[in-house]
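Working notes, structure below.
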2 protein chains.
Amino acid sequence: MKKVYNFNAGPAALPKTVLEKAQQEFLNFQNTGMSVMELSHRSEEYESVHVKASNLLKEILEVPDTYEVLFMQGGASLQFSAIPMNFLHSNNIANYILSGSWSEKALKEAEKIGNCHIASSSKDKGYSSIPSAIQLSKNPAYLHLTSNNTIFGTQWREFPVLPANVPLIADMSSDILSRKIPIEDISLIYAGAQKNLGPSGVTVVIISKQLLEQCHKNTPTMLNYQTYAENNSLYNTPPTFSIYMLSLVLEWVKEQGGLTYIEEKNHQKAQLLYHAIDLSEGFYTGTAKKDSRSFMNVTFTLPTKELTQLFLHQAKEKGFVGLAGHRLVGGCRASIYNAVTLESCKALVEFMDNFQSNNR
Amino acid sequence: MKKVYNFNAGPAALPKTVLEKAQQEFLNFQNTGMSVMELSHRSEEYESVHVKASNLLKEILEVPDTYEVLFMQGGASLQFSAIPMNFLHSNNIANYILSGSWSEKALKEAEKIGNCHIASSSKDKGYSSIPSAIQLSKNPAYLHLTSNNTIFGTQWREFPVLPANVPLIADMSSDILSRKIPIEDISLIYAGAQKNLGPSGVTVVIISKQLLEQCHKNTPTMLNYQTYAENNSLYNTPPTFSIYMLSLVLEWVKEQGGLTYIEEKNHQKAQLLYHAIDLSEGFYTGTAKKDSRSFMNVTFTLPTKELTQLFLHQAKEKGFVGLAGHRLVGGCRASIYNAVTLESCKALVEFMDNFQSNNR
């Protein structure tokens, strides 16, 4: 089997032991004689998978009992609409912090539903840093932010603390489960699974019961968070295989040592790459401001577009996958989600050093 | 490995050769060194899977060039809202035919959006037959029907032909790909995948380009059909593994001999079971009227609730899975989607005969 180093931005690398386990029981899940994906979502066998995924998420992320964990579909992009449809009314204002393309998209969907206000933005800095100086509107429905910006390679180190009556909503698609987070400070967390949680096709929502009560009752059933809370995310057929894969990834995180270990390892991986960039004497340039650097997506450029192309071409030949920057910004990006090993990062640093020696 | 006969109503049985192929390349898709679910949705390798699934659907269902095939998420239940959000305006009326629980749910979502009219209903007959005598409202936005009713075991044999300016919209979640259908007579077909198409997690939409032009421009991006048509269903990350499984199921259908073969085989399977019911001298009673019987979901009852329970209990012990009727109606139901073999149906008939002999 070809040796590859998977730095895809999502869908991304999954832990090898997780894939092996899923392969091994692919045709015969727990001696049922069936694949997980052939089980009824109303069967005991599937329900135990479903409940395990939910319970492990609560345990690993230390989710308090005052919150619900929901499994939805449609990715973060559908949440961009579900959030204002549930919580934005004619008499309040949705507040958004703009830190990159995803937050812009979230704002755009909210603007279709009601009145919006930009509470802070780093757009004028080309989104190279996390915005500061938040100014809320009058009567804010909520404040929305994107905790990690995959395209620009920036990440919130600490979340803003808001007045008690203002719910903080965070799109954590690209850094959920990568570090400890103060759940109590956030009223709604959502995340497409395809970075740290599992394959694409399932969206995790963690919502405070207090916010849950505020869902607009005329919201379409499948976009109303109460539908999922009241039916254990089994109102209709959920993406059963994706949730099964999520349960295996969560088991893996727990076996690794939970978020304490994962966060430390992610820190090491990021430091390794940022050091290589910072010690390259300007050959590699990090595109994010140092205090805003993401531990998930390391973005950098080379001295010329031609060198960038040569770098990406040679990297691909050596088995490095997914190093091209997002099509909006170009350059290079190494996405180092939980399942990307320290060894892969070391191999990349070695390749970067060699490439610099050969092309300086 | 335990021998099971999978009659689940969905998620349901998948072809064994499809599961074996997916298992075999689970860790190393086409020598990429990665699982399909680790591929970027923007990679050439994934895109070839995505395009293959779309092209095979068009080929097998003979979809004309005047239609688009889209891959969405959220199941049929999310389509219940997407349809009126796109096509129901303040100056037209959504028409619904009620043939069971799913069409009731579809209507309920449309009523949140605008004015609705029930064009026909068999509710007064306990949904035991397909409604007739359609009466459209003035200025109809569309007419919606459910082509196969999993819970009550009824199915439309032929679709109503409407005036040229009235789009017919069909929820074909439970019988798409089971028989030839006159696509040109239907403006929008949608189907959750988990019966005949693959695992849960992907929803197929087949929409005429004419109807596509009528999508309301203020519809949330992820619910607007134009978003999917304009971006080849790659606006955001699609459920890549579900679409991959869909592509394998479609290859299998083609290898089997396409819809001509599949339809004939489904007919045989259904006839086998209905004959067993009709020849049982009233021991087994089909719950659907004969002219409305579904070729996908064979629903029946036994003389008493106690015998039904005993039947289900003994069937389970013999390896028959999923024979309990839907929790709304009770009784028994054998779902015989494409991947359920003739041999499984024969085994069930044999079991039914034996059970009757032992319990008459």
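When all alpha-carbon pairs of region A:72-150 are counted, what percent fall beyond 15 Å? Could you put the intermediate results ahead of the total?
Working: 1598 of 3081 pairs.
The proportion of pairs with Cα distances above 15 Å equals 52 percent.
What is the diffusion coefficient of region B:258-358 in µm²/s, taking the Kirkwood radius over Cα pairs and the Stokes-Einstein relation at 10 °C with a viscosity of 1.306 mPa s?
Details: Rh = 13.8 Å.
My calculation gives 115 µm²/s for D.
Could you list B:281, B:109, A:62 so that the one with the fewest beta carbons within 10 Å of its beta carbon is first and the one with the most is last? Before the final figure, lay out the partial values.
Details: B:281 8, B:109 22, A:62 13.
In increasing order of surrounding Cβ atoms, one gets B:281, A:62, B:109.
Given the options A:232, A:165, A:31, state which has the largest fluctuation in a GNM of chain A using a 10 Å cut-off (strictly under) for Cα springs.
Result: A:31 has the largest fluctuation of those listed.
Out of A:266, A:325, A:358, whose Cα points farthest toward the positive end of the dipole of region A:258-358 (charges: +1 Lys, Arg; -1 Asp, Glu; placed on Cβ)?
It is A:325, whose Cα lies furthest towards the positive end.
If you wrap a convex hull around the C-alpha atoms of region A:19-173 and split its volume per residue, what is the figure in Å³? Please report the intermediate quantities before stating the final value.
On the way: hull volume 24.6 nm³, N = 155.
In region A:19-173, the Cα hull volume divided by residue count equals 159 Å³.
Can you give me the relative contact order of chain B as a percent, contacts being Cα pairs under 8 Å and 6 or more apart?
Working: 674 pairs, mean separation 81.3, N = 360.
Relative CO of chain B lands at 23 percent.
I need the phi-derived Karplus couplings for region B:13-29: 6.51 cos²θ - 1.76 cosθ + 1.60, θ = phi - 60°, integer Hz, Gly and Pro marked x.
In residue order, the calculated couplings are 4, 10, x, 4, 5, 5, 4, 5, 5, 4, 5, 4, 9, 4, 9, 8, 6 Hz.
Counting only other residues whose beta carbon sits under 14 Å from that of residue B:76, what net charge do I get with K and R as +1, D and E as -1?
On the way: positive: B:105, B:108, B:195; negative: B:104, B:109, B:171, B:175.
Summing Lys/Arg as +1 and Asp/Glu as -1 gives -1.
Pop out the Kirkwood hydrodynamic radius of region B:142-194 from its pairwise C-alpha distances, inverse of mean 1/r, in Å to one decimal.
Values: mean 1/r = 0.0872 Å⁻¹.
Across region B:142-194, the inverse of the average 1/r is 11.5 Å.
Below 8 Å between Cα atoms, with a sequence gap of 6+, how large is the relative contact order for region A:209-360 in percent? Don't skip to the answer; put the middle values down first.
On the way: 126 pairs, mean separation 28.5, N = 152.
Relative CO of region A:209-360 lands at 19 percent.
Determine Rg/Rh for region B:239-302; Rg is computed over alpha-carbon atoms and Rh is the Kirkwood hydrodynamic estimate from the same atoms.
Details: Rg = 16.1 Å, Rh = 13.8 Å.
On the Cα set of region B:239-302, Rg over Rh gives 1.16.
Would you give the gap between the C-alpha center of region B:75-112 and the C-alpha center of region B:292-332, rounded to a whole Å?
Computed from Cα coordinates, the inter-centre distance equals 30 Å.
Report, for residue B:133, each distance to the same residue's label point in the other copies, shortest first and in nm; define the point 7 Å along Cα→Cβ.
7.2
With N set to the number of residues, divide the alpha-carbon radius of gyration of region A:128-221 by 2.2 N^0.38 Å and report two decimals.
Values: Rg = 14.1 Å, N = 94, 2.2 N^0.38 = 12.4 Å.
Here the Cα radius of gyration is 1.14 times the empirical estimate.
Taking the alpha carbon gyration tensor of region B:191-253, what are the square roots of 5 times its eigenvalues, largest first, to the nearest whole Å? Before the final figure, lay out each step's value.
Values: eigenvalues 116, 33, 19 Å².
They are 24, 13, 10 Å, listed from largest to smallest.
In straight Cα distance, which lysines are under 18 Å from residue B:3, not counting same-chain residues fewer than 8 positions off?
Output for residue B:3: B:16, B:316, B:318, B:346.
For residue B:65, place a label point 7 Å from Cα along the Cα-to-Cβ direction in every copy; what are the distances to the other copies, in nm, shortest first?
Label point to label point, same position, other copies: 6.5 nm.
Just to compare against my own numbers: the Cα pair-distance distribution for region A:10-92, 5 Å bins, whole % per bin, please.
Spelled out bin by bin, region A:10-92 gives 3, 10, 13, 16, 20, 17, 10, 5, 3, 1, 1, 0 percent.
Find the centroid of the Cα atoms in region A:131-207 and in region B:2-38, then give the distance between the two in whole Å.
35 Å
Once the other residues with Cβ under 13 Å from the Cβ of residue B:256 are scored (Lys, Arg +1; Asp, Glu -1), what is the net sum?
Neighbourhood net charge equals -1.
In Å and whole numbers, how far do the C-alpha atoms of the protein assembly as shown stretch along each principal axis, longest first?
88, 57, 50
For n ≥ 4 DSSP H runs only, could you compute -39500 (n - 2.57) per run for chain B, divide by its residues and tell me the 222 nm figure to the nearest 500? Numbers along the way, then the final one.
Working: 10 runs with 132 residues, N = 360.
The helix-only estimate for chain B comes to -11500 deg cm²/dmol at 222 nm.
Using Cα pairs under 8 angstrom and six or more residues apart, how large is the relative contact order of region A:121-171, in percent?
38 percent
What is the P(r) of region B:147-287, as percent of Cα-Cα pairs per 5 Å bin from 0?
The percentages, shortest bin first, are 2, 8, 14, 18, 19, 16, 11, 6, 4, 2, 1, 0.
Would you please give the residues with an amide H less than 5 Å from that of residue B:324, counting only those at least 5 places away or on a separate chain, with H modeled from the backbone geometry?
B:333
Tell me, what HN-Hα J-couplings in whole Hz come from the Karplus equation 6.51 cos²θ - 1.76 cosθ + 1.60 at θ = phi - 60° for each residue of region B:176-187, using x for Gly and Pro?
4, 6, 9, 6, 6, 9, x, 3, 4, 7, 10, 8
Treat each spin label as a single point 7 Å out from the Cα along the C-beta direction, and report the residue A:307 to residue B:48 distance in nm.
Calculated label separation equals 3.4 nm.
So what are the ³J(HN,Hα) numbers for region A:210-226, from phi and the Karplus equation (6.51, -1.76, 1.60; θ = phi - 60°), rounded to whole Hz, Gly and Pro as x?
Per residue, the Karplus-derived 3J(HN,Hα) values read 5, 5, 3, 5, 8, 4, 5, 6, 8, 4, x, 3, 6, 10, 8, 4, 5 Hz.
Where Lys and Arg each count +1 and Asp and Glu each count -1, what net charge lies around residue B:9 among other residues with Cβ under 13 Å from its Cβ?
+2
Work out Dmax and Rg for chain A from the C-alpha atoms and quote the Rg first, both in angstrom.
Reported Rg and Dmax, both Å: 20.8, 63.
Here, each number is a calculation from the coordinates, and none is a lab measurement. Every value quoted in this text rests on a predicted model; they were computed, and no experiment measured them. No Cβ is skipped: glycine too gets one built from the backbone with ideal geometry, and neighbour counts run over all protein chains shown.
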